[in-house]
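What follows is one structure encoded as structure tokens, with my remarks underneath.
The numbers here are math on the coordinates, done by the rules we state, and not lab data. These numbers were taken from a predicted model, which means no experiment stands behind them. Don't worry about glycine lacking a Cβ; one is built from the backbone with ideal geometry, like all the others, and counts go over all protein chains shown.
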Amino acid sequence: MDVRKAVIPAAGLGTRFLPATKAVPKEMLPIVDTPAIQFVVEEAVRAGITDVLIVTGRGKGPIEDHFDRSVELEVFLEEKGKFDELKQVVAISDMAGIHYIRQKEAAGLGHAVSLARDHVNGEPFAVLLGDDLIHPSVPLLEEMIGVSEEREASVIAAMKVPPEDISLYGCITPEVLDEQLSRVVRVVEKPPVAEAASNLAAIGRYVFTPDIFDAIARTEPGHGGEIQLTDAINIVAQETSVYAYSFESGRYDVGNRLDYLKAMVTFALERDDVGPGLRSWLAELAKRERLV
Ligand code: UTP
């Protein structure tokens, strides 16, 4: 069955990015002028997704406003003859069928995904974390959907991280099948570095078969007292098969301050408007600060 639905959990509290995230959802933090979550929706659409369910929570209203029509703004832009800007804001609300469900408390990523059960309605589906940015040149989700359809199984994205960082991620014990593909033998949420079985981390892109919902329903609160998606994936990996699809670069965790800055600079350098100016300023800065 084609994967046409995606779930974007965006109900987390964003405590790593306070104080900005006290009143602004971290998924709305801009990369130059575009909220991170818009890139995530565009990535889903490029991979063939036509139906997106965003899991929101308290204070996440700006996400809904962003993907909604803004008639007042449209009339204003039309009157001022700002037609490029008008096209841009209308296109945002036309990207895909976008739906919302509210997670009443941040009870964990697994809990957030479980709320999508009725909406997904027995189909395979993708999950994209709303604060994880994948560079548009990396066709990760398309490729994962291909593997999931071929193997008729769930597929999670994986990336090698520095060994000391593995305790920030789900840690995968892989049975390597080829350069990019492994079978997940086991996956453990945020293990202490000394107990980590590998430095292969689960990254915020997933393609699930519907059996993930039964697994989440059987998942007890885990790390941090939250219902962890990783623990549910581990159940499916033990009972049937889950695959890990590895990629190497082009991922930014917008909830992490340094990664956010890297995303901003990388994306800005590639733009025609601000790119050239930023490039020459960075070159001057590097000289002045003796960076190179
Ligand atoms: P994170 O752990 O990165 O998000 O969850 P967080 O809790 O918002 O961030 P910090 O660690 O406090 O800074 C990964 C994704 O899962 C969503 C988040 O919105 C984020 O996109 N999430 C997490 C939920 O939707 N619900 C939850 O209960 C937890």
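Miscellaneous remarks
- Viscosity 0.890 mPa s, 25 °C: Kirkwood-radius Stokes-Einstein D of the range 160-236 over Cα pairs, µm²/s: 189 µm²/s
- Among Lys262, Lys60, Lys87: highest mean-square fluctuation, GNM of the chain, C-alpha pairs under 10 Å: Lys87
- Listed values for the range 107-115 are Karplus-derived 3J(HN,Hα) couplings in whole Hz (6.51 cos²θ - 1.76 cosθ + 1.60, θ = phi - 60°), namely 8, x, 5, x, 4, 4, 5, 4, 5, and x replaces Gly and Pro.
- Summarising the amide proton neighbourhood of Gly57: residues at separation of 5 or more, or on other chains, whose placed amide H is nearer than 5 Å comprise Gln103.
- Of all DSSP bridge pairs formed entirely within the chain, close to 60 percent run antiparallel.
- Evaluated at q = 0.16 Å⁻¹: base-10 log I(q)/I(0), Debye formula over Cα of the range 120-204: -0.69
- Per-selection Kirkwood Rh - the range 1-155 (Cα, Å, 1 d.p.): 16.5 Å
- Proximity of backbone amide H atoms, modeled 1.01 Å from N, is registered between Tyr100 and Ile54 at under 5 Å, excluding neighbours fewer than 5 places apart on the same chain.
- Sorted largest first, the spans of the alpha carbon positions of the chain along the three principal axes are 60, 50, 36 Å.
- For q = 0.12, 0.26 Å⁻¹, Debye-computed log10 I/I(0) when each Cα of the range 15-75 counts as one equal scatterer: -0.35, -1.22
- Label sites at Glu152 and Thr50, each approximated as a point 7 angstrom past Cα along Cα to Cβ, lie 2.4 nm apart.
- Label-point separation, Asp68 to Ala23 (7 Å along Cα→Cβ), nm: 1.9 nm
- Whole-number D in µm² s⁻¹ for the range 63-194, Kirkwood Cα-pair radius fed into Stokes-Einstein, 20 °C, 1.002 mPa s: 115 µm²/s
- Taking 29 Å as the limit for the C-alpha separation, the pairs Lys22/Lys80; Lys22/Lys104; Lys104/Lys160; Lys104/Lys262; Lys26/Lys104 exceed it in the case of Lys22/Lys80; Lys104/Lys160; Lys104/Lys262.
- In a simple Cβ point-charge model (Lys, Arg +1; Asp, Glu -1; nothing else charged), the range 5-250 has a dipole of about 600 debye relative to its Cα centre.
- Ranked packing of 119-126, 272-279, 22-29, 226-233, most packed first, by mean Cβ within 10 Å: 226-233, 22-29, 119-126, 272-279
- A straight line joining the Cα centroids of the range 104-176 and the range 21-86 runs 22 Å.
- Net length available on complete extension from Phe76 to Val193 is 36.7 nm, with 0.36 nm assigned per residue and the Cα-Cα distance removed.
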